[in-house]
1. Based on the mean of other Cβ atoms within 10 Å per residue, sort peptides 102-112, 180-190 so the most packed one is first.
2. Quick check: the angle from helix 221-230's long axis to the longest principal axis of the chain, C-alpha only, nearest 10 degrees?
3. Under a plain spin-label model, where a point goes 7 Å from the Cα along Cα-to-Cβ, how far apart in nm are Arg123 and His24?
4. Could you calculate the contour length gain from Leu85 to Arg109, that is, 0.36 nm times the residue separation minus the distance between their Cα atoms, to one decimal place in nm?
5. By the 4.7 Å beta carbon criterion, which cysteine residues of the chain come out unpaired?
6. Relative to the first principal axis of the alpha-carbon coordinates of the chain, what is the inclination of helix 78-90, with its axis defined by its Cα atoms, in degrees from 0 to 90 and to the nearest 10?
7. Tell me, what ³J(HN,Hα) does each residue in region 138-148 have, in order and in whole Hz, if you take phi through Karplus 6.51 cos²θ - 1.76 cosθ + 1.60 with θ = phi - 60° and put x for Gly and Pro?
8. For Met178, what is the net charge nearby, where nearby means another residue's Cβ is under 12 Å from its Cβ and Lys, Arg count +1, Asp, Glu -1?
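What follows is calculated from the coordinates using simple rules that are stated; it is not laboratory data. Fair warning: this is a prediction, and the values are worked out from it, not measured in the lab. Cβ atoms come from the backbone with ideal geometry, glycine included; neighbour counts cover every protein chain shown.
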Amino acid sequence: MRTAVIADIHANLEALQAVLEAIHELNVDEIVCPGDIVGYNANPNECVEIISGNRIACVLGNHDACAAGLEEPRYFNPLAQQAVLWTRDALTPENRQFLLALPRERVVRDFVLFHGSIHETNRYILFREDVTDNFHLLSGMSGAPALGFFGHTHQRTILVERQGTISASLSHDKQDLMPGSRYLINSGSVGQPRDGDPRAAFAIYDSADAFVTFHRVAYDIHACQEKIICAGLPPKLAERLAWGR
Ligand code: ZN
């Protein structure tokens with residue numbers, strides 16, 4: 001089974017379409033999303049409809065939760081807050097319903113999907129304590145999966161736990177999955193990368209051959225930027241796409 005992982009799409013239709021085209025060439029059986037379909041960029045309805053129309057297994061992200069009215073964006077920075085409130089107004093009732101129905105985590109066969117941290121959508125996996133907690137919580141999940149995919153930081157991350165020792169893998173394009181080790185992996189962001197590379201990021205998990213590969217694809221950033229400006233969203237949200245920050 002080959003699974004494409006697309007995280008943090010953030011209403012960037014151009015990036016999502018480019019990623020789906022690239023995935024189409026890579027012989028994939030299914031697509032999953034660790035959350036944040038909407039927020040920041042200007043095509044929330046189109047992106048939700050692609051996810052719902054293609055039956056892509058998805059979990060709720062923090063921007064999805066605020067845009068759907070499930071939570072208030074009190075802890076968001078001003079730009080993110082402005083964008084999520086714009087999104088709340090822009091969403092159709094059907095698409096809001098779709099977001100409201102998303103689970104916060106989801107076990108798919110031998111892996112789990114979640115957004116920020118297991119059981120905590122808004123918490124980043126940044127520090128050692130966050131990593132330790134999440135590996136601990138992974139053990140308690142149904143079927144005790146050895147692999148989890150998450151989002152939220154918009155940075156490609158590969159965390160490995162082997163016999164109680166945790167490390168960050170520095171693998172670039174391919175991570176082999178070893179029996180007896182557990183992995184928490186962030187594929188990077190489709191719609192707002194923050195690692196200095198403006199290209200859209202995604203990953204492919206091959207369960208038969210036990211590896212994850214990481215991919216980048218260029219997309220029409222200019223078109224997405226123009227839509228942000230036309231929508232009256234903060235111009236800084238358009239500028240940052242060009243820098244991948
Ligand atoms: Zn996000």
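1. Values: 102-112: 17.5, 180-190: 23.2.
Per-residue Cβ counts within 10 Å, averaged per peptide and sorted highest first, yield 180-190, 102-112.
2. 40
3. It works out to 4.1 nm between the two label points.
4. On the way: separation 24, 0.36 × 24 = 8.64 nm, distance 3.53 nm.
Gain on stretching Leu85 to Arg109: 5.1 nm.
5. For the chain, the answer is Cys47, Cys66, Cys224, Cys230, because their Cβ atoms have no other cysteine Cβ under 4.7 Å.
6. Approximately 70 degrees, to the nearest 10.
7. These are the phi-based 3J(HN,Hα) values: 4, 4, x, 7, 3, x, 6, x, 9, 9, x Hz.
8. On the way: positive: Arg162, Arg182; negative: Glu161, Asp176.
Local charge sum for Met178: 0.
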